[in-house]
1. Give me the dipole magnitude in Debye, nearest 20, for region 142-205 about the Cα centre, with unit charges on the beta carbon: positive for Lys and Arg, negative for Asp and Glu.
2. For N139, project a label point 7 Å along Cα to C-beta. Then give me every residue of region 178-192 with its amide nitrogen under 16 Å of that point.
3. Give the label of the value calculated from the structure for Rg and Dmax of the Cα atoms in Å, choosing from (1) 31.2, 122; (2) 23.1, 84; (3) 28.0, 100.
4. Run the dipole for region 236-331 about the Cα centre, Lys and Arg Cβ at +1, Asp and Glu Cβ at -1, nothing else charged, and hand back the magnitude in debye, nearest 20.
5. With n ≥ 4 as the cut-off for DSSP H runs, can you work out [θ] at 222 nm for the chain, using -39500 (n - 2.57) per run divided by the number of residues, rounded to the nearest 500?
6. For region 303-446, what does the alpha-carbon gyration tensor say about shape, rounded, prolate or oblate, given a ≥ b ≥ c as the root eigenvalues, a/c under 1.5 as rounded, and a/b over b/c as prolate?
7. Label 7 Å along Cα→Cβ of S297; region 241-266 residues with amide nitrogen under 18 Å?
8. Mean-square fluctuation check for the chain, GNM, Cα pairs under 10 Å: which of S391, S193, S427 is largest?
Amino acid sequence: MKNLVLYLTIGVIFVMFISSCGDRFQPNPPSEIYEYSLINPSLDELQTFFDEGYKIVEGSIELDEISGLTSLSALGNLTEINGYLMIKNNDDLSSLNGINSLQTIGGELKISGNNALTGINDLGSLESIGGHTTIENNNNLNSLQGLDNLNFIGGDFFIDNNDKLANLEGLISLETFSGDLLIMNNVNLSNLSGLNNLQSINGYLSVDNNNITNLSGLNNLQTIGADLNIINNEHLINLQGLNGLQSIDGYLNLEENGELMNLQGMDNLQTINGGIKIKYCNQLVNLMGLQIPQSFSGNLTIEYNDNLESLKGLYNLNSLNGGLIVRYCEQFSSFEGLENLTSISNSLNVYQCENLVNFGELTKLETIGGDFSVGSNNKLEDFEGFTKLVSIGGFLSIGDNNSLVNLEGLNMLESIAGELFIGSNNSLESLEGLNILQLIGGDLKI
């Protein structure tokens, strides 16, 4: 009898407990879960989907060229898509009205080629995207407002070719990107405001062909896990906005920024683990503002910068664990900035620098670990400056320097591990300067 009373008591307590929990432990009823994918349905099929009251889609949803689609009201019950969501090429779609309850996308989000779409405000409940996010080719999209609660993107984020997009307001909740961030071909994008809380990007950051004058909006960005590419921004004047950046775990590429006047804005940059390439930045006169540590690993490539006069700004550099290339810079006349450089582990290439007369600022350079190539520098007269250079680990090539009279300046050079080539220097009168050279590891060609 006692056991019966005990069992009855336990049973009553259990029922009361379950009742007090409400529906917290109740699974979604089967009618709320759509177990398949919804790929390019008709408007009638979309209406049926809505009428069934589905909240969760276990597959994906793709709406591509759905004729007559003006809103997403048929998705009004949705809170979760386990697969991807693609909304593409719907010419009549002017808003995403109806998708207001969607919180999670397990795969990719792609909004592309919807020419009437002006905003995405109705994504205001979206918090997480597990895959890539692509917003591209939406000619009338003027704002990203609506993504304000989005705090996680598991893949790359592409913002590409949205002609009327003026800023990135709406991305305020994003602090970290798991993949790459590409912002490109948005011809009216005048600033990066909206990324103000972004602190780290695990992949690369590419800012390409936009209307920005600086990088304001990235002020809190501290680390980039791969390359930083700033390319073809015709109105970019400086790099202000990268003041908080400390580390680039890849290349710094500055290319085809025709109005870039200085590199001010990277005052706290401590590490670049790839290399540096500065190319076709024709208003750049020197490298002031570029912070390089004393020992730098990677190639330093400076080419096709028409008005660059010197490397002023690289004063900290004393050891380059890579190569140095300076070529096709017509106004380049001085290695100012490298007064403290003592070693280059790879090659030194100086080619077609029309105003270079000598190497007067490289007085501390002792070793070049790879090849040393000097060609087509029409005003180069001698090698003055190399007062401590004792060894070249590869070949030495000196050719087509029409004003070169002698090799004075190489007076301390003792060994060349590879070939020595001297040719087509029309004014060269002697090899004076190679007086103590003891070893040539390859052929001698004069």
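Computed from the coordinates by the stated procedures, all read-outs in this text should not be read as laboratory data. Quantities reported herein were computed from a predicted structural model and do not represent experimental measurements. Glycine also receives a Cβ, built like all others from the backbone with ideal geometry; neighbour counts cover every protein chain displayed.
1. Working: 1 positive and 7 negative charges, 17 e Å.
For region 142-205, the charge dipole is close to 80 debye.
2. 186-188
3. Read-out taken from this structure: (1).
4. On the way: 4 positive and 9 negative charges, 49 e Å.
Using Cβ point charges on Lys, Arg, Asp and Glu, region 236-331 gives about 240 debye.
5. After summing the helix terms and dividing by residue count, I get -2000 deg cm²/dmol.
6. Details: a/c = 1.63, a/b = 1.15, b/c = 1.41.
Taking the square roots of the gyration eigenvalues as a ≥ b ≥ c, region 303-446 is oblate.
7. Residues 246-252 fall inside that zone.
8. Ranking S391, S193, S427 by mean-square fluctuation puts S427 first.
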